[in-house]
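Inspection log for the structure reproduced underneath, given as structure tokens.
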Amino acid sequence: MRSWSAPEIVPLPGTGGPLRIRDTATGRIRTTTPGPTAGVYACGITPYDAAHLGHAFTYLTFDLVNRVWRDAGHDVNYVQNTTDIDDPLLERAEATGVDWQDLAHREIDVFREDMAALSIIPPTSYVGVVESVDLISELAVRIRETGAAYEIDGDLYFSVAKAPEFGEIGNLDRAEMLELFGQRGGDPRRSGKKDPLDWLLWKAERPGEPAWDSPLGRGRPGWHIECSAIALDRLGPGFDINGGGNDLIFPHHEMGAAETRCVTGGPNAHNHLHVGMVGLNGEKMSKSLGNLVFVSKLRRQGVDPAVIRLAMLGHHYRDAWEWTDAELPAATERAEHWRAAFALGAGPDAAPVLAAVRAALAEDLDSPTALAAVDTWATAALSGAGTDTGAPALARATVDTLLGVKL
Ligand code: 5CA
Ligand code: ZN
């Protein structure tokens, strides 16, 4: 489906170093080793409600990945899905008396506007599940052909017993897996399953629910296989980074990886990146809890999207953090400080700032350290230090291109 408009990227002198990120599976910070084109998949929204700051924080993180790789000279094949058919979407449509497709289209449109306003580089492929039903059912068929799947009343399940590497990403024990599976869309108690952890690949048509024809009969895809099928189709096996928020480590990414391994014999991705949860009032910001700060609402209130972005960049992507009323005033102050420094006729040499921002982002996307480097330069510039007339423009370009903050 249509992506969104791309921010202008200002060229910078030189090139950045290789991106290192913490890989969830190994727990280690590892150097990514993409070829000329780096491949990355980020799990997209389920469009039954507007995007909140937690979603935005996750896509900001993947945007930094994209920018660091580009700065290091790679092209980036960035794939993101949107879960435009799933139980929560159908439930919200039913509860509010709207057509599920209208609801999805409306919220995806708002999401696109939010992402463009936040200067998030659009995915190379932005892919809906509805448009991908054939390729998803094809993957389910391939899994069934390996003998790793079985049927219960027309529903197709993946048999966890056929996945010897299961657990490789989340490294959880069985009790933890069972609990999270039950909490996050799984059906551990469904009778007839060989193992409570077996998961749905294809759901046979239910009365009153949308369904598509497939070699597995009429029905619709399970959740995890939508992402493994779309990623395998657009990125192939063994791409560079797979990820999303850390609420997806288990079961979503564990089960998706098992599906890919079942048909390819190898890992779906070399690295697994997971973003900390943004909270509000002591709880994870979540659509089901309703404790949300919407990006679109802040925009309607006239908040500069560059300030929203700057507020989020003040937090390391792996940390859990709380959105509070102090965030926007602090980010506004920082934006004004930087703007004033960029408007000067001269300042201290900005090449060290470019180097510091590059180094901080390349080392596990350390945006707080990157911001501190710009702060230090701006304070010195505003105190009258430095006579380099090219420095303000270079500092502004650094902030624009690497941090995506347009001031
Ligand atoms: N459609 C699925 C993924 S295939 C889904 O999880 N959709 S979502 O709308 O619930 O979330 C979209 C993305 O935002 C996911 O990567 C999710 O992990 C992330 N996310 C959700 N809530 C938060 C939060 N509070 N903080 C940070 N990231 C979040
Ligand atoms: Zn996903």
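Compared with the dominant principal axis of the Cα atoms in the chain, helix 367-382 is inclined by about 20°.
Where the convex hull is taken over the Cα atoms of segment 201-326, what is its projected area averaged over directions, in nm²? Averaged projected area of segment 201-326's Cα convex hull equals 10.9 nm².
Could I get the Rg over Rh figure for segment 1-85? Both from C-alpha atoms, Rh via Kirkwood, rounded to two places. My calculation puts Rg/Rh at 0.99. Here, segment 202-272 is characterised by an Rg to Rh ratio of 1.04, where Rg is the alpha-carbon radius of gyration and Rh the Kirkwood radius.
Translational diffusion coefficient of segment 298-407 at 25 °C, 0.890 mPa s, Stokes-Einstein with Kirkwood Rh over Cα pairs, in µm²/s as a whole number.
For the chosen part, D equals 173 µm²/s.
Helical runs assigned H by DSSP (4 residues or longer) give the chain a calculated mean residue ellipticity at 222 nm of -13000 deg cm²/dmol, each run adding -39500 (n - 2.57) before division by the residue total. Straight-distance candidates among the lysines for linking to LYS284, with alpha-carbon spacing under 22 Å and chain neighbours fewer than 8 residues away dropped: LYS297. Taking every alpha-carbon pair under 8 Å whose residues sit at least 6 apart, segment 1-156 reaches a relative contact order of 31 percent. Shape verdict for segment 121-268, please, from the Cα gyration tensor: rounded (a/c under 1.5), prolate (a/b greater than b/c) or oblate. Because its axes are fairly even, with a/c under 1.5, segment 121-268 counts as rounded. Here segment 87-208 is assigned +1 on the Cβ of each Lys and Arg and -1 on the Cβ of each Asp and Glu. Its dipole about the Cα centre then comes out at about 360 debye. Taking a ≥ b ≥ c as the square roots of the eigenvalues of the alpha carbon gyration tensor, segment 105-197 is prolate, as a/c is not under 1.5 and a/b beats b/c.
Considering every alpha-carbon pair of the chain, the percent of pairs per 10 Å bin, from zero through the bin containing the longest distance, is 5, 22, 31, 24, 12, 5, 2, 0. Remark: C-alpha extents of segment 176-237 on the principal axes read 34, 32, 19 Å, sorted largest to smallest. Charge dipole (Cα centre; +1 on Lys/Arg Cβ, -1 on Asp/Glu Cβ; no other charges) of the chain amounts to roughly 540 debye. Taking label points 7 Å from Cα along the Cα-to-Cβ direction, ALA95 and HIS316 give a separation of 3.6 nm.
Helix 327-342 and the longest principal axis of the Cα set of the chain meet at an angle near 40°.
Seen against the Cα atoms of the chain and their longest principal axis, helix 391-403 is set at about 10 degrees.
Check cross-link reach from LYS162 to the aspartates and glutamates: straight Cα distance under 18 Å, and skip same-chain residues fewer than eight apart. Output for LYS162: GLU145, GLU151, ASP173, ASP195, ASP198, GLU254, GLU259. Annotation: peptides 180-187, 5-12, ranked by per-residue average of other Cβ atoms within 10 Å with the highest first, follow the order 180-187, 5-12.
Each value in this text was obtained by applying a stated rule to the coordinates, not by laboratory testing. Not measured: the values here are computed from a predicted model. Cβ sites come from the backbone with ideal geometry, for glycine too, and all protein chains shown count toward neighbours.
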